[in-house]
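For reference, the structure discussed in these notes is given below.
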Amino acid sequence: MNISFNKFNFLEKTLETIDSPLITSGQVKDSFSYNLLGNGIMLLKPTKQNESTKSILLSCAVHGNETAPIEIINKIITDIFSLKLSIKHNILFILGNPRSIIAKKRFTIENLNRLFNGKWNDKAENYEVLRAKEIEKHVDSFFQNVSSEKLHYDLHTAIKPSIHEKFAIYPFLHEREYNEEQLVFIKDCGVDNILLANSPATTFSYHTSYNYKAHAFTVELGKVKDFGNNDPQDFIQVDKSLRELISNDETRKKQFSEADFNIYKVVKEIIKNSAEFKFHVDDTKNFTPFPKSTLISSDKNDEYRTLSDNERIVFPNKNVALGQRAAFMVSKSKIK
Ligand SMILES: [Zn+2]
């Protein structure tokens, strides 16, 4: 197997072997073992297993054109293989949608981040459906029957410009409570805007949160740009925090303060139900606020008007498939 440990490039290796994925495993010095489980899916374990108190899933490229997270994760992996960065925990790295990376598109056939939590099972076979199935299988092996703390950060960049450039989506927790320590970590990643989801979803972060009780987040780190056009300065904090997370074994003791965050809750999920669906507000930035009773969207049989002042729109996209979410409406909230 021709892996060069000094300059291992997981992204390149993943794209080169897309038609016949490299399935292999091995050991790097006495530091860690690697296990290439599938295309763009790799498990690393520190050799001294007694040190591992966390199982960490780091995913990116669930949308293939969201390059900044791919660059961050790929560089972290390169530094682990060249022993510049040590690991203290079991880590599963996933490049979600390699064919859409090549195509420089969000997805090839359908949105991978609408296929998790078993949704792929209801669908006709296509590349994204097969990816969701394969990813869920490996995530299940990774998180099933694990007693250590389970963490999942699914890294994205957004299509639209945003009033809050960086924000994280906290998946719907059902009866579980928001975890303050996790929110402090997200803030250390440079992300202090939190969106609390209010219902089950078919996203990757909801899948791991719901099925494995992982602390899971969808983390939006800025705007979509092509490879090479991301400014590393914009991602210093998330890069540093992820490196500290994987290479340290202490838990952080920083205090949570609600005042450090802008916390929003979803008040309405606008669904596109027919071809007549349209927005009545201009092409807006994420988190644009509107006064009460603003007509936001209309569809064949209904419309949506804001219920209160300062309701904000997130992820407006009229081009989604029928039955899918065309926008979130959110308002200021608290976790306590
Ligand atoms: Zn995305």
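What number of residues within the stretch 248-295 satisfy the criterion of being among the β-branched types (Val, Ile, Thr), part of a loop (DSSP other than H, G, I, E, B) and farther than 22 Å from Ala321 by Cα? Spell out how you get there, then give the answer.
Restricting attention to the stretch 248-295, the residues satisfying the condition of being among the β-branched types (Val, Ile, Thr) are 251, 263, 266-267, 270-271, 281, 284, 288, 294.
Adding the requirement that they be part of a loop (DSSP other than H, G, I, E, B) leaves 251, 281, 284, 294.
If we keep only those that are farther than 22 Å from Ala321 by Cα too, we end up with 251, 294.
So the answer is 2.
Please work out which residue is surrounded by the fewest Cβ atoms within 10 Å (Cβ to Cβ), limiting yourself to the stretch 116-160 and to residues that are modelled with pLDDT of 95 or more and of a type in the set (Lys, Arg).
Taking the candidates together, the pick is Lys137.
Give me a count of the residues in the stretch 184-208 that are away from the ligand (no atom under 13 Å from the Cβ), part of a helix (DSSP H, G or I) and not hydrophobic (A, V, I, L, M, F, W, C). Spell out how you get there, then give the answer.
The first filter runs over the stretch 184-208 and keeps only residues away from the ligand (no atom under 13 Å from the Cβ), leaving 184-202, 206-208.
Narrowing the set further to residues that are part of a helix (DSSP H, G or I) leaves 184-188, 206-208.
Restricting the remaining residues to those that are not hydrophobic (A, V, I, L, M, F, W, C) gives 187-188, 206-208.
Number of matching residues: 5.
Given the conditions (1) buried (at least 20 other Cβ atoms within 10 Å of the Cβ); (2) over 17 Å from the mean Cα position of the chain (by Cα), report the number of the one that Cys189 does not fulfil.
Failing condition for Cys189: (2).
Could you list, ordered by first residue, the pairs with Cβ atoms under 7 Å in which the first is in the stretch 246-266 and surrounded by 11 or more Cβ atoms within 10 Å (Cβ to Cβ) and the second is acidic (Asp, Glu), at least 6 apart or interchain?
Once the first residue is surrounded by 11 or more Cβ atoms within 10 Å (Cβ to Cβ) and sits in the stretch 246-266, its partners that are acidic (Asp, Glu) give Asp249/Glu51; Arg252/Glu181; Phe256/Glu180; Asp260/Asp192; Phe261/Asp192; Asn262/Asp192.
Can you tell me which condition Glu181 does not meet? The list is (1) assigned to a helix (DSSP H, G or I); (2) under 25 Å from Asn230 (Cα atoms), and all the others hold.
So the condition that Glu181 fails would be (2).
Would you list the strands (runs of 3 or more DSSP E) that sit entirely within the stretch 296-336 and hold 1 or more residues that are free of Cβ contacts under 8 Å to residues at least 24 places away in the same chain and of a type outside the set (Val, Ile, Thr)?
Details: elements: 303-305, 311-314, 325-332.
Once the strands (runs of 3 or more DSSP E) in the stretch 296-336 are filtered for at least 1 residues that are free of Cβ contacts under 8 Å to residues at least 24 places away in the same chain and of a type outside the set (Val, Ile, Thr), what remains is 303-305.
For the stretch 196-237, name all the residues that are among the polar types (S, T, N, Q), under 24 Å from Ser55 (Cβ atoms) and surrounded by 21 or more Cβ atoms within 10 Å (Cβ to Cβ).
Within the stretch 196-237, the subset among the polar types (S, T, N, Q) is 198-199, 202-203, 205, 208-209, 211, 218, 229-230, 233, 237.
From the residues that got through so far, the ones that are under 24 Å from Ser55 (Cβ atoms) too are 202-203, 205, 208-209, 211, 218, 237.
Matches in the stretch 196-237: Thr203, Ser205, Thr208, Ser209, Thr218.
Being outside any strand (DSSP E or B), hydroxyl-bearing (Ser, Thr, Tyr) and more than 14 Å from the ligand (Cβ to nearest atom), is that true of even one residue in the stretch 154-173?
Restricting attention to the stretch 154-173, the residues satisfying the condition of being outside any strand (DSSP E or B) are 159-161, 163-166, 171-173.
Now narrow it down to the ones that are hydroxyl-bearing (Ser, Thr, Tyr): none.
No, the conditions are met nowhere in the stretch 154-173.
Out of (1) of a type outside the set (Lys, Arg); (2) within 16 Å of the chain's Cα centre (by Cα); (3) more than 16 Å from the ligand (Cβ to nearest atom), the odd one out for Glu250 is which?
That leaves (2) as the condition not met.
Which residue is farthest from Asp239 (Cα to Cα), if the candidates are limited to the stretch 74-113 and must be β-branched (Val, Ile, Thr) and within 14 Å of the ligand (Cβ to nearest atom)? Give the steps one after another, and end with the answer.
To start, the set of residues in the stretch 74-113 that are β-branched (Val, Ile, Thr) comprises 76-78, 80, 87, 91, 94, 101-102, 108-109.
Retained after the next criterion (residues that are within 14 Å of the ligand (Cβ to nearest atom)): 94, 101.
Numbers: Ile94: 16, Ile101: 21 Å.
Out of the qualifying residues, it is Ile101.
Going by the structure shown, is Ser20 surrounded by fewer than 21 Cβ atoms within 10 Å (Cβ to Cβ) and among the hydroxyl-bearing types (Ser, Thr, Tyr)?
Values: surrounded by fewer than 21 Cβ atoms within 10 Å (Cβ to Cβ): yes; among the hydroxyl-bearing types (Ser, Thr, Tyr): yes.
For Ser20, the condition - surrounded by fewer than 21 Cβ atoms within 10 Å (Cβ to Cβ) and among the hydroxyl-bearing types (Ser, Thr, Tyr) - is met.
Within the stretch 209-227, which residues are within 16 Å of the ligand (Cβ to nearest atom) and in contact with an Asp or Glu (Cβ under 8 Å, 6 or more places away or on another chain)?
Just the residues of the stretch 209-227 that are within 16 Å of the ligand (Cβ to nearest atom), to begin with: 216-227.
Across the stretch 209-227, the qualifying residues are Ala216, Phe217, Thr218, Val219, Leu221, Gly222, Lys223, Val224, Phe227.
Within the stretch 34-49, is even one residue of a type outside the set (S, T, N, Q), more than 22 Å from Tyr153 (Cβ to Cβ) and either more than 16 Å from the ligand (Cβ to nearest atom) or surrounded by fewer than 20 Cβ atoms within 10 Å (Cβ to Cβ) (or both)? Reasoning before the result, please.
Of the stretch 34-49, the ones of a type outside the set (S, T, N, Q) are 34, 36-38, 40-46, 48.
Then drop every residue that is not more than 22 Å from Tyr153 (Cβ to Cβ), which leaves 48.
Of the ones still in play, those that are also either more than 16 Å from the ligand (Cβ to nearest atom) or surrounded by fewer than 20 Cβ atoms within 10 Å (Cβ to Cβ) (or both) are 48.
Yes: the stretch 34-49 contains one or more residues that are of a type outside the set (S, T, N, Q), more than 22 Å from Tyr153 (Cβ to Cβ) and either more than 16 Å from the ligand (Cβ to nearest atom) or surrounded by fewer than 20 Cβ atoms within 10 Å (Cβ to Cβ) (or both).
Can you say whether Asn301 is within 15 Å of Ile263 (Cβ to Cβ), of a type outside the set (Ser, Thr, Tyr) and over 23 Å from the mean Cα position of the chain (by Cα), as far as the supplied structure shows?
On the way: within 15 Å of Ile263 (Cβ to Cβ): no; of a type outside the set (Ser, Thr, Tyr): yes; over 23 Å from the mean Cα position of the chain (by Cα): yes.
Here the answer is no, as Asn301 does not meet what is asked.
Could you list, ordered by first residue, the pairs with Cβ atoms under 6 Å in which the first is in the stretch 46-69 and closer than 14 Å to Asp226 by Cβ and the second is within 16 Å of the ligand (Cβ to nearest atom) and among the hydroxyl-bearing types (Ser, Thr, Tyr), at least 6 apart or interchain?
Gly64/Ser100; Glu66/Thr157; Ala68/Thr157
Out of (1) over 15 Å from Asn97 (Cβ atoms); (2) more than 16 Å from the ligand (Cβ to nearest atom), what's the single condition that is false for Glu71?
(2)
Checking Val129 against (1) over 15 Å from Ile91 (Cα atoms); (2) not in a helix (DSSP H, G or I): exactly one of these is not met. Which one?
Condition (2) is where Val129 drops out.
Residues are listed down the side, and each one gets a yes or a no for (1) at pLDDT below 95; (2) hydroxyl-bearing (Ser, Thr, Tyr); (3) out of contact with any Leu (no Cβ under 8 Å at 6 or more places or on another chain); (4) not in a strand (DSSP E or B):
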residue: Asn2; (1), (2), (3), (4): yes, no, yes, yes
residue: Asn6; (1), (2), (3), (4): yes, no, yes, yes
residue: Ile18; (1), (2), (3), (4): no, no, yes, yes
residue: Val62; (1), (2), (3), (4): no, no, no, yes
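The values are calculated or read from the model by the stated rules, or taken from the named source; none is laboratory data. It should be emphasised that the depicted structure is a prediction, and the values quoted were computed from it without experimental measurement. Here the Cβ is made from the backbone with ideal geometry for all residues, glycine too, and neighbour counts use every protein chain on show.
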